[in-house]
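Below you'll find the structure, written out as structure tokens, and then a few comments.
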Amino acid sequence: MFKQKNSTIIFNNIFQIIDYLQTLSNRRQCDITTVGKTEEGRPIIAVKIGSSNARTIVIESGVHAREWVTPMTALYVIERLLNNYEFVDGLQWIIIPLLNPDGYDYSWSPDFKNVRNIVLIFNFSRYGLDNPDFCLKYSAKVY
């Protein structure tokens with residue numbers, strides 16, 4: 001999963017990430033759960049490691065579509081925690097490696113144009129929003 005070439009991370013596409021997360025369900029130290037579905041029906045997967053009665057640390061990554069390093073970093077943290085369980089003692093870790101799987105997948109496509117949901121050929125039928133303010137009553141509708 002964490003291949004390197006000349007000290008450079010090789011990024012994984014959405015299918016490789018989801019496959020990897022599904023293989024984690026075979027490991028007894030963690031619990032894999034779907035915390036929601038995206039607009040396009042993709043699962044938003046959370047990995048829980050540690051005791052549910054302990055203090056909780058939540059890590060979410062992959063919020064912005066073009067930030068490919070954060071999901072890979074989250075997967076690396078998951079792997080490190082599972083292989084070094086002493087870091088888990090007395091804590092519960094909840095890690096969501098890909099909070100925006102639709103955007104991440106779209107950013108891999110040749111159709112990806114602009115971070116602000118502005119398609120330069122004025123194709124306004126696209127859904128989604130990249131807003132760091134996380135507005136109350138957000139709507140994915142295009143007006």
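The ranking of Glu39, Glu86 by Cβ neighbour count inside 10 Å, starting from the fewest, reads Glu86, Glu39.
Counting every other Cβ atom within 10 Å of each residue's Cβ, Ser52, Ser61 order from fewest to most as Ser52, Ser61. With the convex hull drawn around the C-alpha atoms of region 15-86, the volume per residue stands at 106 Å³.
Coordinate-derived values only; no laboratory data. Please read these numbers as outputs of a predicted model, since none were measured by experiment. Every residue, glycine as well, gets a Cβ built from its backbone with ideal geometry; the counts of neighbours run over all protein chains shown.
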